[in-house]
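**Student:** What follows is a single structure, and I will ask about it in a moment.
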Amino acid sequence: MSNAPPPSQLCLLSDLPLREVGDKVRFLGCVTSYSTDSATLALEHQHQQPQDSLAVRALVDVRLVLGRLGSDQTRIGEWVNVIGYITAVAPLPLPTAASNGSDRGHVNISTVRAQALLVWSAGPLDVQRYNSSVAVLESEQSSPSGDDVASDALLHTAGR
């Protein structure tokens, strides 16, 4: 029996609303704002598929990591990795008459709150390759026999 903390589960920011409060996750997001008053980073994934009518915003409490947080991790437009715990998930909005495609400028936003244990800059990143690597990795984790191809691809997404 190990007393080690549970490992984090790698997931896409867009999948955070599907997680439970208390889940330990690792995800990537683009900084859209930073509140110094509340020590909260707002992260979104601005490369989500255009057909998505639901955008996801992660509000990340960074009070536990303020001593190690640099300006490169709070600058708007920067991509950062986060490991932390889900603290709240807003219910997904119900479809409305406006979401049937007649109101193309309207996007529903689902908000997820997380407590950061670790935040670091992603550096140069091929976002599409990252997304596809995570998707493959998630499908391997859900199937009984997976190999390390997706894991290797994910490790090499930065800098290309």
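The values are calculated or read from the model by the stated rules, or taken from the named source; none is laboratory data. Just so it is clear, the structure is predicted and the values come from calculations on it, not from any experiment. We place every Cβ from the backbone using ideal geometry, glycine too, and count neighbours over all the protein chains shown.
**Student:** Between Gly146, Gly67, which is exposed (fewer than 12 other Cβ atoms within 10 Å of the Cβ) and either among the small types (Gly, Ala, Ser) or modelled with pLDDT of 80 or more (or both)?
**Tutor:** Gly67
**Student:** For residues that are at negative phi and part of a loop (DSSP other than H, G, I, E, B), scanning just segment 13-27, find the one that is surrounded by the fewest Cβ atoms within 10 Å (Cβ to Cβ).
**Tutor:** The first filter runs over segment 13-27 and keeps only residues at negative phi, leaving 13-21, 23-27.
This time we only want the ones that are part of a loop (DSSP other than H, G, I, E, B), so: 19-21, 23.
Numbers: Arg19: 18, Glu20: 7, Val21: 11, Asp23: 17.
Going through the qualifying residues, I end up with Glu20.
**Student:** So which residues in segment 82-109 are touching a Lys or Arg at 6+ places or on another chain (Cβ under 9 Å), part of a strand (DSSP E or B) and either modelled with pLDDT under 90 or aliphatic (A, V, I, L, M) (or both)?
**Tutor:** Val82, Ile83, Ile86, Ala88, Val89, Ile109
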